[in-house]
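Quick notes on the structure that follows.
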Amino acid sequence: MRLPYKLTPQPARFCTQYADGDPAVPAALYTVHSTAPDLTGFPLPLPSRKQDYTCFVQIGDVTWYGATSGLTRYEPAAARKDQIIQFFAAERDLQDNCVLALLPDGDSLWVRTETGVTHIEMRPVGAEEKAMILLHESQTIVDRWGMYSQKYLAVPRDLSSRFPYGHSDNDGGFTAAFAVGEMFRYAVMHREKGANHPDTVEARRVATRACEACLLLMHIHGRGDGFVARTYMCAEEPVPENGVYFRLHGDKAVCLDTPATRERGSFLKMYGDDLRSDTSGGHDICWSGMEIDASAPIPERLMRCITDTGHTREGIFYKADTSSDEITLHFLQMRIAHEILGPDDPELDEIIKDSAKALMRHIISHGYELCDATGEPTTWAKWSERYFATEMGYVDACLNAAEVLSYHKIVMYITGERGEWQESYDYLLSRGYADLATKHFDRMQQMALNDGIHPVEDIMYGDHMLAVVSFWMLCTLENDPALLEKYKTGFRSWRNSLEREYDPGYDLPYAIATGDEIDMDRMAEWLYRMNISRLAAGVSTMKRHDTPVRMHLGGNKEISWLLPNDERFISKYDRNPFDYKDVDSGGTICVESCYIYTYAYWMGRYYGFFE
Amino acid sequence: MQNQYQIHFVGNAHLDPIWLWRWQEGCGEVLQTFRSAIDRLKEFDDFIFTCSSAAYYDWVEQIDPELFSEIRDMVKKGRWVPVGGWWVQPDCNMPSGESFARHALYSQLYYFKKFGRICKTGYNVDSFGHCGNLPQLLTNSGMRTYVMMRPGMHENPDIPEKLFWWDGVDGSRVLTYRLSDGYGHTGTQNIAYELDKIGAMLPEKQHDLMLFGGVGNHGGGPTRGDLAFLAHRMEEKKDEALVFSSPDAYFERICGGYLDVPHWQGELQHHASGCYSATSLVKQLNRRAENRLAAAEMWDTVSAAVCGTEPSTEALAEAWRDVCFNQFHDILCGCSIVEAYEDVKNSAGHAITIADRIENAAQLRLISRINTWLDGINEPVTLLRHHCRKDNFPRPVVVFNPHGFAVRCPVRTNYPSSAVKDCAGKDVIFQNVRSSRSNDSHLDTLFIADVPALGYAVYWLSWMQDADVTADCFRAVEKEYGTDVRAGKYFLENEHIRAEFDEATGTICSLITKADGYDLAAGGRLAVPTVIDDHTTDTWAHNVFKFETVKGEMTLESLELVEYGPARAVIRTRHRFGESHLTQDFILSSGAKALRVKCRAIWQEPFTMLKSTFGLTGTDAINTYEIPGAFIKRPTNGEEEPMIGWADLTLTGTDGARHGLAVLTDSKYSCDCPGNTLRPTLLRNVIFADHYSNRPAADFRYTDEGMQLFEYAILPHAGEAETTDAPQEAAVLCRRPNVVPAGYHKGALPQMQSFLTVTEPNISVTAFKKCEDGSGDFILRAYETAGRSVGRVGFVCDLADAGFWADFHAHEVKTFRIGREGFVTETDFLEGIIQ
């Protein structure tokens, strides 16, 4: 039996920026005498070149070294290896990297750099406390009608400049992962504090709302055919420059004119004098979006996500062209919601069951494809042999095979039904889908050889989450020993790739599904070193003196070791953490959702990995 | 209808530069074959010739530049395809991981320089087995596809036939083609038969297949008749889709289509199980040369940085190329003619001499910069020890540690001493031991040195005045040294282990690890010199995978405690079997975790093997063997297995806990383990180059005949093998810190210095050198030894202005290039020279 790993409060970075001359900045910071440290024989690698260090201060057992390329904290007696040397850099921690002076402030530190002053406090923060800090930030800043992706800022690092609107292509998927984390939180609160404790009640409220936001995407379009929208926007929001969108008017939805819909053709109709000579959209030509039925009812409790904010369905436009990523995460959240929220909320559970069945039926009846209003499959939601036989589908086939198998198992699990679902599942098995699910890395290696690149250059980091979810679901829902072994083999084939990240969001499901050992100390490090904010303020992995760069065959550059979360760029579960780059994945103008942390942390608590 | 799957005819000539002939003949064979291949290429427009081994191209370039120029033109046209970016087709079980790096480095750079391209396909069609780390060694060499042949289908039918994904112990993967039908088809009937056979396989395999053809072994290549036949057949049977091709073209086409092939995880064994013990001479020279060169190169690099001298890059490359050449499978496997080993001795000696010269120069340069001045010494530096002796000044010696980890071990230097102190003035455990000299005192000083990683430490030895020179080696244990060494007539003991010897047999009857009090020998005996009957096999031991017939145990002739002092105690056993003798000195030093066994054998038992057997008691036994740059687990099924520095048997003991015993060797490469008995092979006496022969009456020469000197060590432990210090202990056994007497002088360097820090014990540094491109950049290579991923490994090297972190996966090898201002690039064996 696995003993839970005991998480303890760990020092977190609280960095406050000040302008030069701010009255809060002590005058002594401008007069302090700086002496370069003698680092001869220093026993560990330093983030800056030794010659670049210009000043240092000792605060208790900690020495801070300022350099022309950042700030280093050295605590030789630190309890954890990863905390002995820590690096602070612009723009997330400092205003720039040229440190001019350091001044102790009790256990904290004033740092003067060329363009301003930063106050740094290392304050112990518990893992749960961090989850709540991050959740609060997301609820305050990121939440958009219950969806949690990210929020863009007009001015870098200025939270007050955030746009009131803005969506993500993957609102559904990201929100589903957020919802799952909150469901686990609710379950933990319920188990530990009882059903009526305020924390439990609040956790349930947040989890339920997130679940409803996801389910709404399965109904908002009014198509009534099990389709799922990627996301939606309210009437007053500007239409993005590109993508496939339908605006709701009464019982109808009309496709909007965008380059993407023009390119796809079948979404629009052209009217004009001479279509044969000018199809470029010139003034003689009018484009009219196809109109489709949108009269299917939407469960009222789901609509509250919109109506509670004073909006109505009218004029809302949703994004179609949904991908398999979204579908996979929707199924995950439906399974977890059924398990955790369902027992005490039969109404919600019924919506989940109906939604899952409708979606599954759509996929099966369309030949294992998710189809747009035109009847054609969306660009990326294809699990059919027809797609697998294409050049692009050849690479996607193995992961997609696992995905679609997992959908079947989830629907059967949620509904308790077999019938058509089992029949379809058996059909896919007879077509070799379970075997196919084990071959992802064979094909990836083949493609890498073909393209003359290193296999790691071909890793789609977003696929990690999808593979984890698919195999986690399959391994925990399949009872047939032979199939279960295949699914475990499939999951294990991803191990080397997943292990690049040491992410509990991946490794915990892996351990649950396969029973294999994982490195819990690294799981803890991942949590401990997560920033207390998801503000993507930019931090560079480039030019660190302690960080080798790896140049791959295809010309991609990576860093050679996995930097702790608070020293690398902020992203969702979809980026290469080894990227050699100097900005966060969202640039410096966004605040990301907390789900990357809360999903992993609460899952660990729920399944007893952490205490 | 045209067949969608092609048959790729790969024209080649298998060339053994040494086998049943010496290298001079092999060289001639290469020249003739290359000439012939060029002629055939001119005669047949579509024909493509494939050839491996940079050493052959180097020969041709030097001896026949015109021919080389023609080859270069053909390479440019894609008609001549160099494959196998290594110096030769080496044995793929016995060279160290670092040797494979050198194969790639010197060969791929050669190909790049001469042909503007490197080899994409690994190619060892004749090598006798392929270790489980080869995929990683290949990919680090710039090759992600591989062609091999042995073991044949009859030897191991479990390995997929033809095309498969081969996953190494670290997870590296190469797309591998197994030639199940030979590499040298020739003659029209034979080729036609093979084409029909391989054609019949296409529907089942569902992908292209290759057929290798050309006169081989002693060179040759496809004949004019073969090529005419093939050209005609291509014309005549268009639906067969037969094409002249190369492995590169084959893999390129394969990867462009639908591919669903089986997997293989781990090693590709066994073909010639006797090859890992045949001809100890070449194996010992190989191990010695590998280690001497690596150490010499490290000190040369340190010296270049500290003293500003030019690095000996080209001289080292020349020596490494000799080592690589002697790793050719028929050479290192000990199955060539006896005359060839005279050449091998010479070239290995050449390499070792280069190493020794470079190391000596580097260390003396460094010593000259260490401050060893003592107040009161007035003589010029040149008048050193002898004059100081009478004035009772201690003499300085410098101990150099060539490892990336700190070492505490016994070292030895000339002349006896009355005291030994470290550079902080602290007394050091020492004793005076018998020297190999027959004059003066007959004594040397042996002391326990502590030396930092890739560093040195000065020790001060006080002269022993002549009047005090006695049989000091038997000096009683002195309390003031606080030594842990204890010994009696039948036992040796220190803080870690206690070994008891059986009076009747001279074997170990009790071996206790003090950490847990467990006796590994309970219920059995250890270090039993056992003679195996080997008269039914040839040199390779073709078709024999187990050596089970015991002729008998060697008989004990004497057992005595020959040394007992604070630094070490030694029990010597002498055994006899027929006309053969074995003397073993069991040496236990202060603080040692392993019991060292220094062996001298006079062997003259034809058709025998000598094994030392270690029978343990327990269940759930598993073997662990060091392989090139990694280790591998194997079942205890009694098959003779290749190993490098150590082999281990671990099992669940009678107390229910896991215990084990590793045997480390300085020169041996073969071991088996039937059940719970680990049996490293110490000697093998068979006829040289006996290839399936019927042994006509003749005055044959036998391998391992006569005097044999070697060492092994016994490392008992708790827990699994990978949790022990076996890799480090084996490394120290093979590459020992050396002691260099110093003079008295002032200098800028302190008396103890480390030039490299590595923060994790399971990361082993195998190379610290200058980049081959002359840029002045440093190259640092290291690999993970415990089979577990480790994050945040710190490397600090002030010499290179560098300090950096890296993550290592289990068994992963990494090469770092440290550039100007200490910025680091992670690269591969090719050092980032080829972009």
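The values are calculated or read from the model by the stated rules, or taken from the named source; none is laboratory data. Owing to the predicted nature of the structure, the values given are computational and were not obtained by experimental measurement. Neighbour counts are summed over all protein chains in view; Cβ atoms, including those assigned to glycine, are modelled from backbone coordinates with ideal geometry.
One line per residue, one yes/no per condition, for (1) assigned by TED's automatic domain parsing to the domain that holds B:V169; (2) surrounded by fewer than 24 Cβ atoms within 10 Å (Cβ to Cβ); (3) of a type in the set (A, V, I, L, M, F, W, C):
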| position | (1), (2), (3) |
| --- | --- |
| B:P82 | yes, no, no |
| B:M94 | yes, no, yes |
| B:S99 | yes, no, no |
| B:Q108 | yes, no, no |
| B:K113 | yes, yes, no |
| B:R117 | yes, yes, no |
Helices (runs of 4 or more DSSP H) wholly inside region A:460-574 containing at least 2 residues that are more than 10 Å from every other protein chain (Cβ to nearest Cβ) and farther than 27 Å from A:L449 by Cβ: A:461-477, A:481-493, A:504-514, A:520-528
Among the residues listed as B:G832, B:G803, the single one being part of a loop (DSSP other than H, G, I, E, B), touching a Ser or Thr at 6+ places or on another chain (Cβ under 9 Å), modelled with pLDDT of 95 or more and within 9 Å of another protein chain (Cβ to nearest Cβ): B:G832
Unique residue being touching a Leu at 6+ places or on another chain (Cβ under 7 Å) and part of a loop (DSSP other than H, G, I, E, B) when the list is B:A621, B:A662, B:A689, B:A601: B:A689
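Quick one: would you say B:D260 is under 35 Å from the mean Cα position of the chain (by Cα), farther than 26 Å from B:Y193 by Cβ, outside the structural domain of B:T681 (by TED's automatic domain parsing) and surrounded by fewer than 24 Cβ atoms within 10 Å (Cβ to Cβ)? Let's see the steps before the verdict.
On the way: under 35 Å from the mean Cα position of the chain (by Cα): no; farther than 26 Å from B:Y193 by Cβ: yes; outside the structural domain of B:T681 (by TED's automatic domain parsing): yes; surrounded by fewer than 24 Cβ atoms within 10 Å (Cβ to Cβ): yes.
Here the answer is no, as B:D260 does not meet what is asked.
Return the only residue of B:L756, B:L733, B:L780 being closer than 27 Å to B:Q363 by Cβ and touching a Cys at 6+ places or on another chain (Cβ under 6 Å).
Details: B:L733 fails: touching a Cys at 6+ places or on another chain (Cβ under 6 Å); B:L780 fails: touching a Cys at 6+ places or on another chain (Cβ under 6 Å).
Just a single option satisfies the conditions, and that option is B:L756.
Within the group B:R572, B:R576, B:R525, B:R596, which residue is outside the structural domain of B:T279 (by TED's automatic domain parsing) and surrounded by 21 or more Cβ atoms within 10 Å (Cβ to Cβ)?
B:R596
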In region B:810-829, the residues that are more than 7 Å from chain A (Cβ to nearest Cβ) and not aliphatic (A, V, I, L, M): B:H811, B:E812, B:K814, B:T815, B:R817, B:G819, B:R820, B:T827, B:D828, B:F829
Where a residue in region B:701-725 is farther than 20 Å from B:R634 by Cβ and its partner, wherever it lies, is of a type in the set (K, R) and part of a loop (DSSP other than H, G, I, E, B), with Cβ under 8 Å and at least six apart: B:F710/B:K668; B:D725/B:K593
Residue satisfying all of: in region B:789-800; of a type in the set (A, V, I, L, M) and more than 9 Å from chain A (Cβ to nearest Cβ); nearest to B:P135 (Cα to Cα) among these: B:V790
Qualifying residues in region B:758-800 (those that are in a strand (DSSP E or B) and polar (S, T, N, Q)) - the one farthest from the chain's Cα centre (by Cα): B:S764
Search result, residues across region A:368-405 that are closer than 19 Å to A:A437 by Cβ, of a type outside the set (A, V, I, L, M) and not in a helix (DSSP H, G or I): A:Y368, A:E369, A:W380, A:K382, A:W383, A:S384, A:T390
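Being surrounded by 24 or more Cβ atoms within 10 Å (Cβ to Cβ), more than 11 Å from every other protein chain (Cβ to nearest Cβ) and at pLDDT 95 or above is the requirement here; does B:T766 meet it? Break it down stepwise before answering.
Working: surrounded by 24 or more Cβ atoms within 10 Å (Cβ to Cβ): no; more than 11 Å from every other protein chain (Cβ to nearest Cβ): yes; at pLDDT 95 or above: yes.
Against the criterion (surrounded by 24 or more Cβ atoms within 10 Å (Cβ to Cβ), more than 11 Å from every other protein chain (Cβ to nearest Cβ) and at pLDDT 95 or above), B:T766 does not qualify.
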Test: residue in region B:227-234 that is within 14 Å of chain A (Cβ to nearest Cβ) and of a type in the set (A, V, I, L, M): no
Any hit, region B:630-644, residues being of a type outside the set (S, T, Y), assigned to a loop (DSSP other than H, G, I, E, B) and farther than 23 Å from B:T549 by Cα: yes
Some residue of region B:781-788 being under 24 Å from B:E626 (Cβ atoms), among the small types (G, A, S), more than 10 Å from chain A (Cβ to nearest Cβ) and touching a strand residue (DSSP E or B) at 6+ places or on another chain (Cβ under 7 Å): yes
Within region A:428-459, tally of residues that are surrounded by 18 or more Cβ atoms within 10 Å (Cβ to Cβ), outside any helix (DSSP H, G or I) and not β-branched (V, I, T): 3
Evaluation of A:I414 against (1) touching a Phe, Trp or Tyr at 6+ places or on another chain (Cβ under 8 Å); (2) in contact (Cβ under 8 Å) with a residue 60 or more places away in the chain (one fails), failing number: (1)
In region A:214-242, the residues that are crowded, with 19+ Cβ neighbours inside 10 Å and part of a loop (DSSP other than H, G, I, E, B): A:M218, A:H219, A:I220, A:H221, A:G222, A:R223, A:G226, A:F227, A:V228, A:A229, A:R230
Hey, B:I632 touching a Cys at 6+ places or on another chain (Cβ under 8 Å) and closer than 21 Å to B:H130 by Cβ or not: yes
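Which of the residues belonging to region B:743-755 are assigned to a loop (DSSP other than H, G, I, E, B) and either more than 16 Å from B:A453 (Cα to Cα) or more than 12 Å from chain A (Cβ to nearest Cβ) (or both)?
B:G743, B:Y744, B:H745, B:K746, B:G747, B:A748, B:Q751
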Check on B:F68, more than 25 Å from the chain's Cα centre (by Cα) and either buried (at least 20 other Cβ atoms within 10 Å of the Cβ) or assigned to a helix (DSSP H, G or I) (or both): yes
Where B:E252 falls short, out of the listed (1) within 14 Å of chain A (Cβ to nearest Cβ); (2) in contact (Cβ under 8 Å) with a residue 24 or more places away in the chain; (3) among the charged types (D, E, K, R): (2)
Scope region B:807-828; condition more than 15 Å from B:K769 (Cα to Cα) and in a loop (DSSP other than H, G, I, E, B); matching residues: B:H809, B:A810, B:H811, B:E812, B:F823
Residues being surrounded by 21 or more Cβ atoms within 10 Å (Cβ to Cβ) and either under 26 Å from B:P674 (Cα atoms) or touching an Asp or Glu at 6+ places or on another chain (Cβ under 6 Å) (or both) - total across region B:487-497: 2
Flag for A:Y232 being closer than 20 Å to A:S295 by Cα and hydroxyl-bearing (S, T, Y): yes
Selected residue (only one of B:E560, B:E548 is surrounded by fewer than 20 Cβ atoms within 10 Å (Cβ to Cβ), more than 30 Å from B:A449 (Cα to Cα) and either in contact with a Leu (Cβ under 8 Å, 6 or more places away or on another chain) or touching a residue at least 60 places away in the same chain (Cβ under 8 Å) (or both)): B:E548
Residue ID - farthest from the chain's Cα centre (by Cα), chosen from residues in region B:92-143 that are among the aliphatic types (A, V, I, L, M) and not in a helix (DSSP H, G or I): B:I118
